[in-house]
Amino acid sequence: MIRVILPAHLRTLAHVEGEVKLAVDGQATQRSVLDALEARYPMLRGTIRDHVTQQRRPFLRFFACEEDLSHEPPDAPLPEVVASGAEPFLIIGAIAGG
Amino acid sequence: MSGVRVLVGTRKGAFILTSDGKREKWEVSGPHFAGWEIYHLKGSPADPNRIYASQSSSWSGQVIQRSSDGGKTWEAPGGGVTMTSEGFPRGESNKFVYDTSPETGRPLTTHQFYDGTQQPWVFKRVWHLEPSLNDPETVYAGVEDAAVFRSSDGAHSWHELAGLRGHGTGPKWQPGAGGMCLHTILLDPSNPGRIYIAISAAGAFRSDDAGNSWRPINRGLRSQYIPDPDAEIGHCVHRIALHRSRPNVLFMQKHWDVMRSDDAGDSWREVSGNLPTDFGFVIDVHAHEPETIYVVPIKSDSEHFPPEGKLRVYRSRTGGNEWEALTRGLPQRDCYVNVLRDAMAVDSLDKCGVYFGTTGGQVYASADAGDNWAPIVRDLPAVLSVEVQTLT
């Protein structure tokens, strides 16, 4: 199971507390993880990736294993420790005031 | 027992203020959607328990919420609080996609950016929600970048009325300081096909066929910040209001100038009269007196606060030109808040109640048509919008 940590506002929107655990078919990539996340929580569609372009929203970042994966290609494999569930995949709101 | 429900959108959530018909004691609920920008909430005239809310953030984009019990509980349309058979929440956040289909839509047209270059339309957020006068499931949305969308399934799915964006003048539209927003939608109660909208900064438009086709209605507007001050397109209209008994008469607060039209927007004349400044954002009409109108003058386009640090509502009982300052109960020194374009509303009790919210977090109410004012709340986040439901 892949562990995903959402920012607080999206946890509220999805009615979840704490981590989300997802089963992902095939290789674990940003795209496959987000596809699985949105399939389970359809209200998150459009809040992490644009509805049409599927581009990451600019004020959100993807971190894992103390690395910034935001600019990795969406189909690049995630680190093995993320795929195995040893480390979470973090979706983080940019530090942009507010 | 009559009463009122005041719907307040703020930078950090929504608040609902309720009172009986005396409008002296208030209950405050909220924040709803804490931490999100709530640009607008509005109740359905056909079913006061149905309320729509625009929830957005720079981080996570646009969500539409709706309530079917007067704001006690909310759901993201599509069933945000309904579980699937696996126990997961169902539903989806709302999808606002410009219609580029060959059958009903338009190509992804361009508009001017601040620097004058052409940019394609990109959806940013919903500024204004206007429920149908007759059907609680039908609601219109005014969005940035400027366009109007309609939902006929309770805000679950949205479809652009693409004739507006594509009618030909789009390349001359440009963003105001707040973005290129479609912020005003007025439905004519006597003519189901007639809709007025306004855009900063493009101007006002009218449809006479329920939103399929549109034409600009800006003759008589004059704006020094566009190359041709009398141009048909490019005016920064801040707000339009009408009285439901007389929907051909429109009142407008423009970037500068308060204007009036007596022919459904075909022509406009200035009625700023003796106002201390004719810059401002809000304008509204008394519920029972169609010639009584309200504005809140703001010093200038760069100094977004009241002149002389005095928060004054101005009332005209003559449909413009002759204005009186209403000050009783409002701060008359050291006040430097703004009142944004969707942040004034009236109730339909007798006497007419008038309400407005400020960027300082106060919501002021007058239960006597503006003669006396008192704050309902003083310390909310910056107020973006105020709507009122009169409950019977």
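General remarks:
- Pairing each residue of segment B:232-246 that is charged (D, E, K, R) with any residue that is part of a loop (DSSP other than H, G, I, E, B) and crowded, with 22+ Cβ neighbours inside 10 Å, provided the two are 6+ apart or on different chains, yields C-beta distances under 8 Å for B:GLU232/B:ASN218; B:ARG239/B:ARG341.
- Among (1) touching a Lys or Arg at 6+ places or on another chain (Cβ under 8 Å); (2) without any contact (Cβ under 8 Å) to a residue 60 or more places away in the chain; (3) assigned to a loop (DSSP other than H, G, I, E, B) - the single one B:GLY265 does not satisfy: (2)
- Residues located in segment A:31-55, provided they are more than 11 Å from chain B (Cβ to nearest Cβ) and among the acidic types (Asp, Glu): A:ASP35
- Screening A:VAL4 with (1) part of a strand (DSSP E or B); (2) out of contact with any strand residue (DSSP E or B) (no Cβ under 6 Å at 6 or more places or on another chain) gives one miss only, at (2).
- Residue match in segment B:123-133 (condition: of a type in the set (Phe, Trp, Tyr) and closer than 30 Å to B:ASN49 by Cβ): yes
To keep it simple, each residue is scored yes or no on (1) more than 24 Å from B:VAL339 (Cα to Cα); (2) in a loop (DSSP other than H, G, I, E, B); (3) not basic (Lys, Arg).
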{"position": "B:ARG206", "(1), (2), (3)": "yes, no, no"}
{"position": "B:SER213", "(1), (2), (3)": "yes, yes, yes"}
{"position": "B:ARG219", "(1), (2), (3)": "yes, yes, no"}
{"position": "B:ASP228", "(1), (2), (3)": "yes, yes, yes"}
{"position": "B:GLU232", "(1), (2), (3)": "yes, yes, yes"}
{"position": "B:ASN248", "(1), (2), (3)": "yes, yes, yes"}
{"position": "B:PHE251", "(1), (2), (3)": "no, no, yes"}
{"position": "B:GLY273", "(1), (2), (3)": "no, yes, yes"}
{"position": "B:PRO276", "(1), (2), (3)": "no, yes, yes"}
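- Enumeration of residues in segment B:57-84 that are more than 10 Å from every other protein chain (Cβ to nearest Cβ) and at pLDDT 55 or above: B:ILE64, B:ARG66, B:SER67, B:SER68, B:ASP69, B:GLY70, B:GLY71, B:LYS72, B:THR73, B:TRP74
- Index of the failed condition, A:VAL81 passing every other in (1) in a helix (DSSP H, G or I); (2) touching a Gly at 6+ places or on another chain (Cβ under 7 Å): (2)
- Residue pairs meeting the criteria (Cβ under 8 Å; at least 6 apart or on separate chains; first within 12 Å of chain B (Cβ to nearest Cβ), in segment A:13-30; second aromatic (Phe, Trp, Tyr)): A:ALA14/A:TYR41; A:VAL16/A:TYR41; A:VAL20/A:TYR41
- Looking at segment B:113-159, the strands (runs of 3 or more DSSP E) lying wholly inside it that each contain 1 or more residues that are of a type in the set (Val, Ile, Thr) and under 15 Å from the mean Cα position of the chain (by Cα) sit at B:125-131, B:139-144, B:147-151.
- Among residues of segment A:1-12, those that are touching a residue at least 12 places away in the same chain (Cβ under 8 Å) and either farther than 23 Å from B:GLN65 by Cα or more than 8 Å from chain B (Cβ to nearest Cβ) (or both), counted: 6
- Looking only at residues in segment A:56-69 that are at the interface with chain B (Cβ under 7 Å from one of its Cβ atoms) and surrounded by 18 or more Cβ atoms within 10 Å (Cβ to Cβ), the one that is farthest from the chain's Cα centre (by Cα) is A:ARG57.
- Scanning segment B:278-310 for residues that are over 18 Å from B:GLY370 (Cβ atoms) and either in contact (Cβ under 8 Å) with a residue 40 or more places away in the chain or assigned to a loop (DSSP other than H, G, I, E, B) (or both) yields B:ASP278, B:LYS299, B:SER300, B:ASP301, B:SER302, B:GLU303, B:HIS304, B:PHE305.
- Enumeration of residues in segment A:11-53 that are among the hydrophobic types (A, V, I, L, M, F, W, C), touching a strand residue (DSSP E or B) at 6+ places or on another chain (Cβ under 7 Å) and not in a helix (DSSP H, G or I): A:VAL20, A:LEU22, A:VAL24, A:ALA28, A:ILE48
The values are calculated or read from the model by the stated rules, or taken from the named source; none is laboratory data. Just so it is clear, the structure is predicted and the values come from calculations on it, not from any experiment. Note that we place each Cβ from the backbone using ideal geometry, even for glycine, and neighbour counts take in every protein chain shown.
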